[in-house]
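Trainee: Following this message is one structure expressed as structure tokens.
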């Protein structure tokens, strides 16, 4: 089996179409919840994941103050759900150029983590077989830096 990856976990959240759709929902005033699963050489068994998705949904449905949530599932989860932080680590990878069935150029970006997961992070939880729920925010502004600049004036 190749290196399993999650479409919206850790630093991959920057590239995730699933999480991007959830962010867009929030921008339109609708609560956004992204659901992603680890993939490998074979497609995940979505039927087997159904009860875990229901449990995760039950965990967050009443948390309406959390506008944007990123939920990640391992291929074979145990029943534990953990609230996690986003893992921000460095990756190694490559860009693979190819053509789609219509002959159009497309590119596939592969990622292989080169640093270990921090305990309590989304990547760590999924690697442990846990379901990860990460509360997210839209504003990526480095407010600490802005505040330090204001104080320096």
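Trainee: Percent antiparallel among DSSP beta bridges with both residues in the chain, to the nearest 5?
Mentor: Around 60 percent of the beta bridges assigned by DSSP in the chain are antiparallel ones.
Trainee: Still on this structure: Go through 107-114, 76-83, 130-137, 34-41 and give me the packing order, highest mean Cβ count within 10 Å leading.
Mentor: 130-137, 34-41, 76-83, 107-114
Trainee: While we're here: Restricting things to Cα coordinates, could you compute the convex hull volume per residue of the chain in Å³?
Mentor: Taking only Cα atoms, the chain has a hull volume of 180 Å³ per residue.
Trainee: Using Cα pairs closer than 8 Å and at least 6 residues apart in sequence, work out the relative contact order for the chain, in percent.
Mentor: Computed over the chain, the figure is 25 percent.
Trainee: With 10 angstrom as the radius, rank 126, 26 by how many other C-beta atoms surround their C-beta, starting from the fewest.
Mentor: 26, 126
Trainee: Restricting things to alpha carbons, tell me how big region 23-93 is in terms of Rg and Dmax, in Å.
Mentor: Computed over the Cα atoms of region 23-93, radius of gyration and Dmax are 13.9, 39 Å.
Trainee: Next question, about the same structure. Counting other beta carbons within 10 Å of each Cβ, put 95, 60 in order, fewest first.
Mentor: 95, 60
Trainee: Something else now. Determine, from the Cβ-Cβ distance of residue 140 and residue 76 and an R0 of 41 Å, the FRET efficiency 1/(1 + (r/R0)^6), rounded to the nearest 0.05.
Mentor: 0.80
Every number in this text was worked out from the coordinates using simple rules, so none of it is lab data. Quantities reported herein were computed from a predicted structural model and do not represent experimental measurements. Counting neighbours? That spans all protein chains shown, and the Cβs are built from the backbone with ideal geometry, glycine included.
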